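The values are calculated or read from the model by the stated rules, or taken from the named source; none is laboratory data. Because the structure is a prediction, the values reported are computed rather than measured. Note: ideal-geometry Cβ built from the backbone for every residue, glycine included; neighbour counts use all protein chains shown.
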Amino acid sequence: MQEDAEQALSLEGSKRLLRHVYRVRENRRHILDRVPFILRWGKWRKKTERQVLADWAGGYVLFNERDYLYLPAGMDTMSTHYLIRPAEAEATVQNFCPPGGTAIDIGANYGEWAVQMARAVGPAGKVYAFEPVQALAGCVQKTMDVNGLKQTEIVALATSNKDGQASFPVNLDHSGRSGFGQSHAGDAIIEISVKTVKLDSFVRERQINRLDFLKIDVEGHESEVLEGAQNILRDLKPALVLEVGISPDQDREKIHGLLTGLNYRMIGIILPHGMVEGDWKSYRAQTGPFGTDFINVLFVADTM
């Protein structure tokens, strides 16, 4: 009897917590829609958000009207970010992941892009979600399982410009900053050993002969991943979303040389409600939007 009562209390607590999550998310949505702040939550908003984060024991939140996203317990910045702020729907996924198509997500994190790719390509398609951090790969798997997206394969490898083994820094405070190219003073970092693979090698071994969409978010290791993917970019010509940010001059020049040499052109910078044009000149000089933050940029291959 006591055990049943405790379970009932726990269930009621979970219901209350999820209601709080819903209200916090709705509050943020209305703020973004320019509803006057004072009419929504006022001074209680921050307190409510802190309480939600402290009480979250791990579970599934609605990602959109249909799909769930699994978020673990803990105060990891990325997990708390998606708990409070629902991930944005990415129109580029719908535009370049046709039913029956193939997509690859490099740096899947919690699977916020991969779940959209899988939903777009449908049961007849295939998604490969690369995530070398075991805990995050487990989160992606839970997300795919709860949504019935069996067309997604979680690949626990790191992509690079060579096949082998490497030491991989994992940021315990901010999972989104884990990666070969990242170093943030003051953050808790551990090093793990991961198997690395060139994307060209992976595609060849799996006999993948179609690739519609490729997203790369590897925190400063983009040039190495692109070096290891030149064959598929040349032969399969997937649409490419690349996260870029403040990086050394030689990396930007290398990325520019690789993509222009493969006849890829920059379409624009992806924002929550649209896109703005970008150009190689601003990217190489790290000016304008390329000089302030990490942003996702869409590239497509010229087929002529």
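Before we move on, is Thr102 of a type in the set (S, T, N, Q), surrounded by 18 or more Cβ atoms within 10 Å (Cβ to Cβ), closer than 21 Å to Leu199 by Cβ and modelled with pLDDT of 95 or more?
Yes.
Check whether at least one residue in the stretch 95-113 is assigned to a helix (DSSP H, G or I), hydrophobic (A, V, I, L, M, F, W, C) and without any contact (Cβ under 8 Å) to a residue 60 or more places away in the chain, and report yes or no.
No, there is no match, as no residue in the stretch 95-113 is assigned to a helix (DSSP H, G or I), hydrophobic (A, V, I, L, M, F, W, C) and without any contact (Cβ under 8 Å) to a residue 60 or more places away in the chain.
Criterion first (modelled with pLDDT of 95 or more and part of a loop (DSSP other than H, G, I, E, B)) does Arg210 satisfy it?
Yes, satisfied.
Conditions tested, residue by residue: (1) β-branched (Val, Ile, Thr); (2) crowded, with 20+ Cβ neighbours inside 10 Å; (3) in contact with a Leu (Cβ under 9 Å, 6 or more places away or on another chain); (4) not assigned by TED's automatic domain parsing to the domain that holds Cys97.
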{"site": "Phe213", "(1), (2), (3), (4)": "no, yes, yes, no"}
{"site": "Gly220", "(1), (2), (3), (4)": "no, yes, no, no"}
{"site": "Pro238", "(1), (2), (3), (4)": "no, yes, yes, no"}
{"site": "Pro272", "(1), (2), (3), (4)": "no, no, yes, no"}
{"site": "Met275", "(1), (2), (3), (4)": "no, no, yes, no"}
